[in-house]
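The values are calculated or read from the model by the stated rules, or taken from the named source; none is laboratory data. What you see is a predicted model, and the numbers here were worked out from it, not measured in a lab. Cβ coordinates were reconstructed from backbone atoms using ideal geometry, including for glycine residues, and neighbour counts include every protein chain displayed. Calculation scope for accessible area: heavy atoms of the full protein, side chains included, ligands and nucleic acids excluded. Shrake-Rupley method; radii C 1.70, N 1.55, O 1.52, S 1.80 Å.
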2 protein chains.
Amino acid sequence: MQNEQGTPFSSSREPKRRPSYAVASADNALRIATWLQLEGSLTVSEAAARLGVAPSTAHRLLQMLVYRDFAVRDAGRGYRAGPVLELAGNSPSLTARLRAASLGPLRGLVAVSGDSANLVIRTGDRVRFIASVESDVALRVSTREGMVFPVERTSGGTVMLAGLPDEEVAEILQGRPEADVATVLSRLRMVRRAGVAVNLERAEEGVVAVGRAVALAGEPVAAVCLAIPSSRYRAQRLLEYDAWLRAAAEAMEAALETDG
Amino acid sequence: MQNEQGTPFSSSREPKRRPSYAVASADNALRIATWLQLEGSLTVSEAAARLGVAPSTAHRLLQMLVYRDFAVRDAGRGYRAGPVLELAGNSPSLTARLRAASLGPLRGLVAVSGDSANLVIRTGDRVRFIASVESDVALRVSTREGMVFPVERTSGGTVMLAGLPDEEVAEILQGRPEADVATVLSRLRMVRRAGVAVNLERAEEGVVAVGRAVALAGEPVAAVCLAIPSSRYRAQRLLEYDAWLRAAAEAMEAALETDG
DNA sequence: CTGCTCATTCTGCACAGCAGAAAATCCTAT
DNA sequence: ATAGGATTTTCTGCTGTGCAGAATGAGCAG
């Protein structure tokens, strides 16, 4: 089976391993759908190659996705995300636009920092890693792309919550009984002053994350983060990390504005 | 096979019939995902009953949806839409909130008008029927729920486009080579004055639709529409249709505001 | 604490989903 | 405009996947 990951969500009830009785054909369809949402267009051949199935199989799965509005046919040979994978007002999907705008700046961030870099968006009380560029040094944080974490447990989630009023934060955290709202709100006040959030191993052991918001029309729509092995993290470099993150965020914001 | 419909999209290349070589297990997973997005929470038993499969089968499919982030487990026994089916900033999904807020007013509209009523949202250059209440008189327009139409061919799509600047409309219609942009823009000027759009059989033969926008914070996020058999439509009743639609739209807007 | 309901796990088997072949379509180069 | 190659789409035989049902586990109400 190809390299594939579930969500490392820490709830005792939510599976982060592949289910014991996986339904492979359903899984393949869902994987294609996720690729369409994150990356834009795919052809039958590309989908077949990535899934490791025959083109006839990929074609059948894409027909199912089209039939149920998870995909639409391009003008050419490709398929792209259909209405179910986009919500009202987005075309192409904001998620795909964010991801496309982020890959260049994330690579730049990795080049200058030597550490892995990520882009996250918030969905409800979780954040989702929609783009991930891995550092190429031996000791590094591996790709988080596709993973989902509780919103308040990540630097990106924290910095996006910091852009919201306290009442709205409290409402979002209703879906997170494990989170202490008062503690989170207190932390947000510091983050609002600093403009950047530091996460000392709260999402994952051995990983420190530093995150800054990416804004579209003044609204925080995503966050760009550095993922640093805790053995390499230096608190005194925070201003430097922040400068790099600010540059990456501004580059993404500029790309989003010219994109339309 | 249970009653199920594809999208009646008119492109010669896009299937609106069930695919010839359907993949049933993928199809079942996608149907569950669509229900989660539109309706909120589902339990294993509910999913099994609606699909017509055993609970063990439904359970396996839901585990696949959780694994690939199309679903998350509720605090109780239910599953709801996961991060893939929500975009950033929505919790619960705006689509589910719109649908929940619309069902009461749609029933009221059917009661007062005697015709079927729908709620649509725009995704790119299409509109999607996310809620549908059918009239119970013998001659009526049947449910459109789940269907997707080109944006400019429906009254709901037209009235939502009317809330956008001409430049943005032209950009959206780039995905619709069949649409004459000048004709659409001309029609939009009339719709902006009237506040309501009338569609004389442009989406479907024998159906006249009248639609009005539903706004959230001043933005048109959806449209509420009456679907009237063309034999029963009376142009001189347009002010009456408009008054009913306006009342339904205002009721939905009020429900959305109190919901948060 | 008990009983009921629902969720979850496990297993044998039938048929659905697979790959491969063939046909059709599309795109690019000449 | 035509030809060739690449890709998509359709069709079919076969096998292993996904199904239902049984058994077990979990949760909730009385």
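Can you tell me the relative contact order of chain B? Whole percent, Cα pairs under 8 Å, sequence separation 6 or more.
Dividing the mean separation by the residue count of chain B yields 15 percent.
If you take the square roots of the eigenvalues of the alpha-carbon gyration tensor of the range B:106-148 and sort them as a ≥ b ≥ c, do you get rounded (a/c under 1.5), prolate (a/b over b/c) or oblate?
prolate
Have a look at the range B:64-87 and report residues whose accessible surface goes down by 50 Å² or more when the remaining protein chains are included, against the chain on its own, probe 1.4 Å, ligands and DNA/RNA excluded.
B:MET64, B:TYR67, B:ARG68, B:ASP69, B:PHE70, B:ARG73, B:PRO83, B:VAL84, B:LEU87
Classify the range B:173-214 as rounded, prolate or oblate, taking a ≥ b ≥ c as the square roots of the eigenvalues of its Cα gyration tensor: rounded when a/c is under 1.5, otherwise prolate if a/b is larger than b/c and oblate if not.
Judged from the Cα gyration tensor, the range B:173-214 comes out oblate (a/c at least 1.5, b/c at or above a/b).
Test of the criteria: in the range B:139-222, which trypsin sites (Lys or Arg not before Pro) are in a DSSP loop and have at most 12 other Cβ atoms within 10 angstrom of their Cβ?
none
Over the heavy atoms of B:CYS225, what accessible area does a 1.4 Å probe trace out, to the nearest 10 Å²?
Approximately 10 Å² for this residue.
If you take the accessible area of A alone, add that of B alone, and subtract the area of the pair, what total do you get in Å², probe 1.4 Å, to the nearest 100?
Approximately 5200 Å² gets buried when A meets B.
Keeping all protein chains in place, calculate the accessible area per residue for the protein assembly as shown (probe 1.4 angstrom), answer in Å².
Value for the protein assembly as shown: 42 Å² per residue.
What value, in deg cm²/dmol to 500, does the helix sum -39500 (n - 2.57) over DSSP H runs of n ≥ 4 give at 222 nm once divided by the residues of the protein assembly as shown?
About -13000 deg cm²/dmol.
Please average, across the residues of B:116-127, the number of beta carbons from any other chain that are within 10 Å of each residue's own beta carbon, and give a whole number.
4
Provide the gained length on full extension for the span B:GLN174 to B:ARG237, in nm with one decimal, where the gain is 0.36 nm per separating residue minus the Cα-Cα distance.
That works out to 19.2 nm of additional length.
What does the average come to when, for each residue of peptide B:27-37, you count the partner chain Cβ atoms lying within 10 Å of its Cβ?
Across the residues of B:27-37, the mean count of other-chain Cβ atoms within 10 Å is 4.
Quick check: at a probe of 1.4 Å, how many percent of the accessible area of the range A:94-259 sits on carbon and sulfur atoms?
It is 52 percent, rounded to a whole number.
So for the protein assembly as shown, what percent of the C-alpha to C-alpha distances run longer than 40 Å?
Every Cα pair in the protein assembly as shown considered, those over 40 Å come to 24 percent.
Compute for the range A:94-259: radius of gyration divided by Kirkwood radius, i.e. Rg/Rh, restricted to C-alpha atoms, rounded to two decimals.
Using only Cα positions, Rg/Rh for the range A:94-259 is 0.94.
Over the range B:24-85, one equal point on each Cα, no solvent: what is log10 I(q)/I(0) by the Debye formula at q = 0.24 Å⁻¹?
-0.92
Simple spin-label model, 7 Å along Cα-to-Cβ: B:ARG189 to A:SER56 in nm?
A separation of 5.6 nm, rounded to one decimal place.
Could you grab the relative contact order for the range B:113-200? Cα pairs under 8 Å, six or more apart, rounded to a whole percent.
25
So if we plug the beta-carbon distance of B:ARG18 and A:ALA75 into 1/(1 + (r/R0)^6) with R0 = 22 Å, what FRET efficiency do we get, rounded to 0.05?
Efficiency at R0 = 22 Å is approximately 0.35.
Considering only C-alpha atoms, what is the centroid distance from the range A:21-56 to the range A:154-186, in Å?
Comparing the Cα centres of the range A:21-56 and the range A:154-186, I get a distance of 35 Å.
If you average the sequence gap of Cα pairs under 8 Å that are 6 or more apart and divide by the length of the range A:205-246, what percent do you get for the contact order?
41
Between the range A:104-132 and the range B:193-209, how far is it from one alpha carbon centroid to the other, in angstrom?
46
Please name whichever of B:VAL214, B:PRO229, B:MET190 sits farthest to the positive end of the charge dipole of the range B:178-260, dipole taken about the Cα centre and charges placed at Cβ: Lys and Arg +1, Asp and Glu -1.
B:MET190
Run through all the Cα pairs of the range B:73-146 and give the fraction in each 5 Å bin from 0, expressed as whole percent.
Spelled out bin by bin, the range B:73-146 gives 3, 15, 19, 20, 16, 12, 9, 5, 1 percent.
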